[in-house]
Amino acid sequence: MTFKELNIIPQILKAVEEQGYEKPTEIQEQAIPVILSKRDIIGCAKTGTGKTASFTIPIIQLLQSQQIQDKSRKIQALILTPTRELALQISDCIKDYAKYTNIKHGVIFGGVNQEPQNKMLRKGIDILVATPGRLLDLINQGYIKLNDIRYFVLDEADRMLDMGFINDIKRIISKLPERRQTLLFSATIPSSITSLTNKILKNPVRINISTESAPTEQIEQLLYFVEKKDKSNLLISILKEEKNQSVLVFSRTKHNANNIVKKLVKAGIGSEALHGNKSQTSRQTALSNFKTGKTRVIVATDIASRGIDINELPLVINFDLPEVPETYIHRIGRTGRAGHSGRAVSFCSQEERKLVNGIQKLMGVKINQAVTAV
């Protein structure tokens, strides 16, 4: 199937083709016609499968067709996402796909001066991409009204709940019109998501491409049992063997991420930390440096890592194992994307052994153990 066969209008089709996409992914193939038919949807698919395009493309098309009759410039589509990196990533997608349409969009998030965002809102936009905290701030200040929302997207729903946004989400939903189309996308559908969907969606179409509890075959997983004090030396040894490849390293805490970077830089390995205590500018610079290859290694916390979207990232290293098994799935999903192969290496200290059991139980497979430390 091609994008043309999904009845994508010429203006968007031209933009999609310019991005080098010849045919839709499975989630796009199933979700786009449902959204264009104005049904609510629950879309579950693993990371790297093209979920963002599966909701941005049909929303742009629906709004473009409505603008023939409606010339007003009010916010009619709201896309709610957990982090500023993801908000910017979605904004970039909308910019790419809407370039030949009349659709205007904007993005808001915390951690930066809000005045440029206020100015953008005063000019008028059709689609707003937002993180929960800044959205509620601007609603309370009177800069944003959600009365005209026709399309509401809750993106990365599982991550939203993991990050404690459930009360913010409920407050935002209470301000939306009853008559709207709601689109929920998530990598996993835990019971907390099921409870939420029952409250906010009406007779939704469920699309489940594959569960995150079964990582793709393209990802080779390897586990090192190593004492906590020896993790840094093991990491340095692996990175030196990998030579010039880009590597994403996960740390459980911001403090440890900074410490890891210090040790890597001292060992002559170019690296930067990415976490919530970094300013928006420094985070964007670090991401840009990583994507262009200027910085070889990024050491990130889970929340900060959500904006890292690199199709050919060859290796992810879990310096610390996550306490929540689903988080492991999110982490390793940063590699092996878009049909490329990838590797995920995890370090496990004595205290973390119980975490391995939870991860393996979730996936239903045993992670291969390294024979010897590097």
Loop-located trypsin sites (Lys or Arg not before Pro) in segment 12-59, at most 14 other Cβ atoms within 10 Å (DSSP): LYS38
Förster radius 45 Å - calculated FRET efficiency between VAL324 and LYS123 (Cβ-Cβ, nearest 0.05): 0.65
Neighbourhood charge, 15 Å Cβ-Cβ cut-off, centred on ILE8 and excluding it, Lys, Arg +1 and Asp, Glu -1: -2
Cβ charges +1 (Lys, Arg) and -1 (Asp, Glu), total dipole of the chain, debye: 920 debye
Neighbour cut-off at most 14 other Cβ (10 Å), DSSP loop, trypsin sites (Lys or Arg not before Pro), segment 234-272: LYS243
Highest-MSF residue in the chain out of ARG73, ARG334, ARG159 [GNM, Cα springs under 10 Å]: ARG73
Most mobile of LEU274, LEU355, LEU321 in a GNM of the chain (Cα contacts under 10 Å): LEU355
Entry for Cα extents along the principal axes in Å (calculated from the structure that is shown) out of [x] 57, 40, 35; [y] 67, 42, 39; [z] 76, 45, 35: [y]
Calculated FRET value between SER65 and GLN280, using beta carbons and R₀ = 41 Å, to 0.05: 0.70
The chain, helix-only ellipticity at 222 nm - DSSP H runs n ≥ 4, -39,500 (n - 2.57), divided by all residues, nearest 500: -12000 deg cm²/dmol
All lysines inside 19 Å of LYS170 as judged from Cα atoms, apart from same-chain residues fewer than 8 positions distant: LYS145, LYS199, LYS202
Long pairs among LYS254/LYS366; LYS291/LYS366; LYS4/LYS95; LYS99/LYS119; LYS231/LYS354; LYS51/LYS240, criterion Cα-Cα beyond 23 Å: LYS254/LYS366; LYS291/LYS366; LYS51/LYS240
Summed residue charge, Cβ within 13 Å of ILE41's Cβ, Lys/Arg positive, Asp/Glu negative: +4
Carbon/sulfur fraction of accessible area - segment 1-88, other protein chains in place, 1.4 Å, %: 49 percent
Summed side-chain charge close to GLY111 - residues other than GLY111 whose Cβ falls under 10 Å, Lys, Arg +1, Asp, Glu -1: +4
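The values are calculated or read from the model by the stated rules, or taken from the named source; none is laboratory data. These figures come from a predicted structure and were not determined experimentally. Glycine gets a Cβ as well: all are built from the backbone with ideal geometry, and neighbour counts include every protein chain shown. Calculation scope for accessible area: heavy atoms of the full protein, side chains included, ligands and nucleic acids excluded. Shrake-Rupley method; radii C 1.70, N 1.55, O 1.52, S 1.80 Å.
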